[in-house]
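Asks: Before anything else, here's the structure in question.
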Amino acid sequence: MTTEIPKQYDPAAAEARWFPYWESQGCFNADPNPAKPPHVIMIPLPNVTGALHMGHALNGTLQDLLTRWRRMQGYEALWMPGTDHAGIATQSMVEKRMKEEEGLTRNDVGRDALVERIWKWKDAYEQRILSQLKSIGASCDWRRVRFTLDDVCSKAVRQTFFKMFKDGLIYRGKRLVNWDTYLQTAVADDEVYEEETDGHFWTFNYPVVDASADAPQSISFSTTRPETMLGDTAVCVHPTDERYTHLIGKHVRIPVNGRVIPIVADALLADKTLGTGCVKVTPAHDPNDYGCWTRNKEKMGEPINILNPDGTLNENGGPWQGQDRLIAREAVVAEMQRLGHFEKVEDRKIPLKHSDRSKTPVEPYLSEQWFVKMDTLAQAAIDAANDGRVTFYPERYRQSYLSWLGEKRDWCISRQLWWGHRIPIWSREYAKDEFEKAFPEGYRFNPDHEGASWFHGSVSFDGAKYTVRICFDDGHPDVERYYEQAGFVQEEDVLDTWFSSALWPHATLGWPDRQHNPPLRVAGQTTSAPASPSSKNEVLDYFYPGSVLVTSRDIITLWVARMVLTGLYNMGDIPFKHVCIHPKIQDGFGQTMSKTKGNGVDPIELIEKYGCDGMRFTIASFAGETQDVRLPVGYECPHCQAVIPQEPHHLKFKPGKPKIKCPKCKKESQYATPNYVPDEGEPVARIVIERFEYGRNFSNKLWNAARFAMLNLEGYAPAPIADSDLAIEDRWILSRLATVTDEVTTLLGVYKFDAATRSLRDYVWNEFCDWYLEMIKPRLRDEGLKPAAQRVLVMVLDTTLRLLHPFTPFITEELWQRLKEIAPVRGLPNPEAAHDAVITAPWPSGLETWRDSALELRFQRLQELIVAVRNVRGTYNISPAVTVAVSVKCSPEITADLKQVQVQFESLAKASLTEVGPQTVRPTPCANFALGDADCYVPLAGLVDLQAEVDRQKKEAEKIRGFIAGHEKKLNNASFVERAPAEVVAEVRETMTNLQKQLSSIEEVIRELAG
RNA sequence: GGGCGAUUAACUCAGCGGCUAGAGUGCCAUCUUCACACGGUGGAAGUCACUGGUUCGAAUCCAGUAUCGCCCACCA
C-alpha cells in the first residue's frame, strides 16, 4: 500500500482536508438546472447575538444530512445559509456592553453611532457563526449567505410593507407595552422577568352616585396600585354576580378626582370568587383592563394615560402631577383615607415584572403601534395546512400551528428600537386649512390619480389637525428627500424582527426583483445582481417553493406560520412543502439548554473531542419523533481524566473562580462553563458528554473495517463477477445491503433520523464487521478465492460509504479517496470507474435484485448455531486456544447450508464442524444444545463436568417448559383460537411444535447423562 | 388555566395491538488472536409510573391519577 493507514481515525485531519476540498470544487453550490429537480432548505437563521449551541448543532446536522442525501439522489440541492439581525436581543447586548465598558447609554451616542457599533458586532458574530456551521460540515451554498438587514432582504421588507400598506392591511393602533421608566423604552415580553416583591393589597370603595335608596351606596374593590385610580374608566363585576347585578349600568364617582365612571359587566375580567368580586378598570395601565375596554368601549370612553415616560404622573394626575408614581401611590392612599373610602390594607408578596435590561419594575403603558391585520392572511395559511400543501412531521405539530393562527390576532410589528428595518412611513401634521390648501379635494392618496404605483398615503383627522402618512415602494430616494424637505418625518420605530425573517424563503432568493438573479458573495465580495439571460430571476423561479423547513417546535407560531402567510401573500405559493420538527436539547437534569441558565455547550468543543462525524452520527441518532434529548454533561478531570458528573450547583453563578473536585484523584481544578473564563495556564476540567462516544466509537469501527478491507486488497483486479463466484456470505451481505438501503431511504424520506441511524449502525457493526468480514477472512487467505472475495468486498464497502456519507461526511470521504487509489474501478456485477468524490457519488439504488429474504432467514440459523457453540465455550470456560469439535444432527437442507460455511467455524467460534447430517450420532460425553430443527453436540472429553452439564440442561428444560406453558394456555383458550387471525394462531402452533421438539431432545440428553 | 409530549434495565433511549420486551453506555467474566481495547466473545440486569377499562390478547388503545418537560394564556 502506498499510504500507511493508522489504527485510529483522526477526525481533525479529515475535517481540515475535505471541507476546503468540497468547497473549492464547488460541491456545495446550487444553481438553476432544468435537468434536475430542486431540493431546497432554508436555514432557520441564527441570531447574531452569540455563538451557536447544541440546538444549532442538531438543527444544522439534520439539514446538512438531508441536503447531502438529496444531492446524491440527483437533486440540485440548495441549503441557503444566513443570519438574523435579531433586533432586541442584539441591540441590548451591544448596549449592555457599552454601558459596562464605557458607561455610555444609547442616548449618549445617538442613533447612527449605536447602529454603527451594532454592525461591527454583527460582522464579528456572523463570521463566528458561519465558521461554526462550517465546522459541523454544513454544505450550504456559501455564495448565497444572506443577512436580514442586507440590501436584498431590505428590499423585500420595503416591498412587503408597501404592498400591505396599500392593501389596507397595515394600520396604527394602541397597545399596552412593557415600559421601562428608567431607560424610557418599551421592552419585549421575553426581556421581562418576574420577581416577587413586597407590596400591599389595599381595599377601597367608590360611592355609587345613582343608587336606588334601598341598595348599597358604595362598591368595594382591591388593588395593588392605588395611583391607577386616577386613570380608571369603569368598575367591573361579573354579569351573573348577584351581589352586584342591580348595580350594572349605574355609576360611581372616583373620590380623588371626582370623575364619574360606569359600572360594567364583563365575565372575562371579573371573577366572582376573588376578592370582593369587583375590579377597577384602568385600560391604559393594565393588559386585562385593556382587554375589558376593547369589549366595552362604547360604555366607558377612551383609556386615560396617567404616566409620563419617566414614570412620573402626567396632567391626568391632578394635584400629584410630576410626582413619581410610587410617591403618588402613598399620597392617593392618604387622600382616600382622608375622604373615608379606605377600608383595609394587608401586606402581600406581589409578582412584579422587571426589565431585564435596567432591573427596574416595568409599567404597562398604552402606546401607539403599527399592526398587520391577520384576518385574511392567517386564513390563507390555515387553508394551506388543512389541504396538505404544507405537511408537518410529526403530524401533531399542525395543531399548534392551526390553533395559533386560528386566533387571528393582529400582529404588532413596531418596536421601539434602533437596530432593525426602520418603518418606511413618513408623516406630517397639517392644520385644517393648511391641509386643504396642500391637498385639494379629489387629490388624495389614490395612486391611480398620479399613475404612480410606488406611492401610497393615508390621512387621519383627530378633530383639530390632519396627519398625513406616506409610504413609498423601495428605490425612490429622491422622492423621500422631497417629502423630507416638505417637513415629512420618518417613523422612529423599527419593524419586529419576525417581519423580515417571515420573508426569508423568498427574500433570500432575490424577491421582489423578478429581472435579476440575486447577487452572490464570492471571496468575501458581494457581486452586483447578475442579469440573467432570460431577464428573469431564474433562481427564484427555480428554487421557490422550498422543500422542507427543519426547526424546533418553539417557533412554529412566531416563524413557521408567518413564513407561510407571507409566502402566500407575496409569492402566491407556500414557502415549503414539509415542516420537520426535531427535538430540543436538554441538559442532564431535563432543563433546556440556554445561555441564561449557563448550561449551554459549545458544539465545537465536542467536535474537538469526539470528531465532527462522531458528533453528527450521535446527534442524528437522537432525532426521532417523540422525546426531547437529554444530555448529561460531565467535566473531565485534567489530572486523571476521570469524568465528574455535572451537578446543578456547578451552573450557579458565584463571584470568583469556582473549582471542581475530582472524586477519584481528589485534586481540584477550574472548569469551563459559559459563566466563567478559566485563568490562563490553569489546568481546566473541560466539558464532556459521554453519550457522544457512541458516534466516535462508530467512526472508529468503520475506519478499522475499511482499514482491514484495504489491507487485504493486495492484487485487487476489477472484473465482472459471475453468480457462481458468490459465497453464501456474499449473497447474504448483498441482500442485507439492499434491505438497509431501502430502509434508510424510506426513513429519511419521513425524517426519522434516529431509526435510519440505528439501521445503519446495526448493519455496519453487527453484520458487515461482526459477520461478513470475519467470514471472508479464509477466502482472502486463499489465492484462488481471493479475487472474487475482494471484488465483492470493494463493492460492499463502496456502497456502505455512500449510505453513510450524509451522516458522517468526513470519514466517508477520507475512506472513499483512499479506496479510490487502491480500487478505482469497482462494482457488481460489472465494475465501473468510481466517482471522484463520495459527496457527488450517486445514492445507492438498484440493489433490489440482491434481495433474498429466504436466504437471510437461513443465514440467521447459521448465526444462531455459531452463537450456541460460543455459548458452550463460555459456559465451560474453554480456553480460546483450544479448538472444539462440533457435530450436528439435522435435515438434509440444513446440512447443505452448513457444509457451505463449514470452514467458517474455525474463525467464528474456534471450532471444527466434524460431522453434519441426519445420521449424526451423539458422542459422549458432550455438551448439547437444540435449535428447533437441529441437535448439536460438542464432545468435550475430560472437559465436561457431568453434573454441571445435567444442571445446565435441566435449567434449559425448565425455561422451555415455561414458554410451552404460556403457549399452551393460549391454545387452550377457545376464544383465542376462534377470534385471533388464523396466521397468528398458526404461528403459535408452529412455535409450540418447535419448543416441544427442543424439550424432548433435552430430556433425552438428561436421561442419558443421568443414566 | 388551556394544549402537546414523556414516564420501559443503573444511565440514555427504541419498540406503539400478537415472537421468550430490545439497543448503546455502564456492570460481571474472559481474551492484548496478524482491522479495531474508541476492540472481540459470553453473561447478569426490567411488576414496561400507578389505577381502572376495551380486547381472545395491552408496554402498545381508552379514561383517570401522579411526576417531569415544552408551548400558549393568565395572575385585580
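The values are calculated or read from the model by the stated rules, or taken from the named source; none is laboratory data. Predicted model, so just to flag it, every value in this text is computed and none were measured. Reconstructed Cβ throughout: ideal geometry from the backbone, glycine too, with neighbour counts over all protein chains shown. When the accessible area is computed, the model is the full protein with side chains, heavy atoms only, and any ligands, DNA or RNA have been set aside. Shrake-Rupley method; radii C 1.70, N 1.55, O 1.52, S 1.80 Å.
Asks: In the range A:487-598, if every C-alpha pair distance is counted and binned at 10 Å from zero, what percent goes to each bin?
Replies: For the range A:487-598, the binned pair fractions read 12, 30, 29, 21, 7, 1 percent.
Asks: Ignoring ligands, DNA and RNA, what percent of the 1.4 Å accessible area of chain A is carbon and sulfur? Could you put the intermediate results ahead of the total?
Replies: Numbers: 22310 of 44710 Å².
Carbon and sulfur atoms account for 50 percent of the accessible area of chain A.
Asks: I would also like to ask the following. At most 12 other Cβ atoms within 10 Å and a DSSP loop assignment: could you name the chymotrypsin sites (Phe, Trp or Tyr not before Pro) in the range A:494-570 that fit? Don't jump to the answer; show the numbers that get you there.
Replies: Details: sites: A:Trp498, A:Phe499, A:Tyr542, A:Phe543, A:Trp559, A:Tyr569; in loops: none.
In loop regions of the range A:494-570 (DSSP not H, G, I, E or B), there are no sparsely surrounded chymotrypsin sites (Phe, Trp or Tyr not before Pro).
Asks: Please pull out the direction-averaged projected area of chain A, using the convex hull of its alpha-carbon atoms, in nm² to one decimal place. Present the calculation step by step, with values, prior to reporting the outcome.
Replies: Values: hull surface 232.2 nm².
Mean shadow area of the hull around the Cα atoms is 58.0 nm².
Asks: Ok, one more. Which value in Å is the Kirkwood Rh of the range A:723-816 over different Cα pairs? Write out the running numbers ahead of the final one.
Replies: Numbers: mean 1/r = 0.0715 Å⁻¹.
About 14.0 Å for the range A:723-816.
Asks: Within 10 Å, at most 14 other Cβ atoms, and a DSSP state outside H, G, I, E, B define an exposed site. Report the longest part of chain A free of exposed GluC sites (Glu not before Pro). It would help to have the intermediate numbers written out before the result.
Replies: Details: sites that count: A:Glu4, A:Glu242, A:Glu395, A:Glu441, A:Glu492, A:Glu680, A:Glu714, A:Glu783.
Longest site-free region, per DSSP loop and neighbour criteria: A:5-241.
Asks: Hey, another quick one. Skipping prolines and chain starts, which residues have an amide H placed within reach, meaning under 5 Å, of the one on A:Asn517, given they are 5 or more residues away or on another chain?
Replies: Under 5 Å from the amide H of A:Asn517: A:Ser532, A:Glu538.
Asks: In Å, what is the Rg of the alpha-carbon atoms in the range A:904-979, and how long is Dmax?
Replies: Here Rg and the maximum Cα pair distance are 17.5, 54 Å.
Asks: Could you tell me the calculated FRET efficiency between A:Arg295 and A:Thr592, based on Cβ-Cβ distance and R0 = 35 angstrom, to the nearest 0.05?
Replies: 0.45
Asks: Per the helix-only calculation at 222 nm, which mean residue ellipticity applies to chain A, given -39500 (n - 2.57) for every DSSP H run of n ≥ 4 and division by its residues, nearest 500 deg cm²/dmol? Don't skip to the end; give the middle numbers.
Replies: Values: 32 runs with 394 residues, N = 1011.
One gets -12000 deg cm²/dmol as the mean residue ellipticity at 222 nm.
Asks: Once every Cα of the range A:716-872 carries one equal point scatterer and solvent is ignored, give the base-10 log of I(q)/I(0) from the Debye formula at q = 0.15, 0.17, 0.18 Å⁻¹, two decimals.
Replies: For the range A:716-872, the Cα-only Debye profile gives -0.84, -1.07, -1.20.
Asks: Run the numbers for A:Ala16 and A:Arg630: contour at 0.36 nm per residue of separation, minus the present Cα-Cα distance, in nm.
Replies: On the way: separation 614, 0.36 × 614 = 221.04 nm, distance 3.01 nm.
The A:Ala16-A:Arg630 span can extend by a further 218.0 nm.
Asks: Convert 37 °C to kelvin, take the viscosity as 0.692 mPa s, use the Kirkwood radius over C-alpha pairs of the range A:369-443 as Rh, and evaluate the Stokes-Einstein diffusion coefficient in µm²/s, rounded to a whole number.
Replies: Details: Rh = 16.3 Å.
After rounding, the answer is 201 µm²/s.
Asks: So what's the Cα pair-distance distribution over the range A:569-685, bin width 10 Å, in %?
Replies: Pair shares across the bins are 12, 34, 30, 13, 6, 3, 1.
Asks: Moving to a separate point now. Once the mean 1/r over all distinct Cα pairs of the range A:825-973 is inverted, what Kirkwood radius in angstroms do you read off? Numbers along the way, then the final one.
Replies: Numbers: mean 1/r = 0.0540 Å⁻¹.
About 18.5 Å, per the Kirkwood formula over Cα pairs.
Asks: How big is the dipole moment of chain A about its Cα centre under a simple scheme where the beta carbon of each Lys and Arg is +1, that of each Asp and Glu is -1, and everything else is neutral? Debye, nearest 20, please. Spell out each step's value before the answer.
Replies: Details: 119 positive and 138 negative charges, 276 e Å.
Result for chain A is approximately 1320 debye, rounded to the nearest 20.
Asks: With a 1.4 Å probe and every protein chain left in place, tell me how much accessible area A:Arg861 has, in Å² to the nearest 10.
Replies: 110 Å²
Asks: Taking the range A:610-695, which trypsin sites (Lys or Arg not before Pro) meet the DSSP loop condition and have no more than 16 other C-beta atoms within 10 Å?
Replies: Working: sites: A:Arg616, A:Arg630, A:Lys652, A:Lys659, A:Lys661, A:Lys664, A:Lys666, A:Lys667, A:Arg686, A:Arg691; in loops: A:Lys652, A:Lys664, A:Lys666, A:Lys667.
Filter output for the range A:610-695: A:Lys652, A:Lys664, A:Lys666, A:Lys667.
Asks: Label points 7 Å out from Cα along the Cβ direction at A:Lys36 and A:Lys899: separation in nm?
Replies: 5.2 nm
Asks: In Å and from the alpha-carbon atoms only, list the Rg and Dmax of the range A:117-157.
Replies: 11.7, 31
Asks: Here's something else I'd like to know. Could you report chain A's accessible area per residue, 1.4 Å probe, as an integer in Å²? Show your work: numbers first, answer last.
Replies: Values: 44710 Å² over 1011 residues.
Accessible area per residue: 44 Å².
Asks: Here's something else I'd like to know. Please identify every one of the chymotrypsin sites (Phe, Trp or Tyr not before Pro) in the range A:624-709 that sits in a loop by DSSP and has no more than 13 other beta carbons within 10 Å of its own beta carbon. Display every interim value, and only then the final one.
Replies: Values: sites: A:Tyr635, A:Phe653, A:Tyr671, A:Tyr676, A:Phe692, A:Tyr694, A:Phe698, A:Trp703, A:Phe708; in loops: A:Phe653.
Loop-located and lightly packed - A:Phe653.
Asks: If you don't mind, there's one more thing I want to ask. Return the distance in nm (one decimal) between the two label points of a simple spin-label model at A:Asp573 and A:Asp214, each offset 7 Å from Cα along Cα→Cβ.
Replies: 7.4 nm
Asks: Quantify how much of the Cα-Cα distance distribution of the range A:566-635 extends past 20 Å, in percent. Please list the in-between numbers first.
Replies: Numbers: 1109 of 2415 pairs.
Summing the P(r) of the range A:566-635 above 20 Å gives 46 percent of all pairs.
Asks: Here is a follow-up. Working from the pairwise distances between different alpha carbons, so that the mean of 1/r is found and then inverted, what is the range A:243-357's Kirkwood radius in Å?
Replies: Details: mean 1/r = 0.0620 Å⁻¹.
Every distinct Cα pair counted, the radius reaches 16.1 Å.
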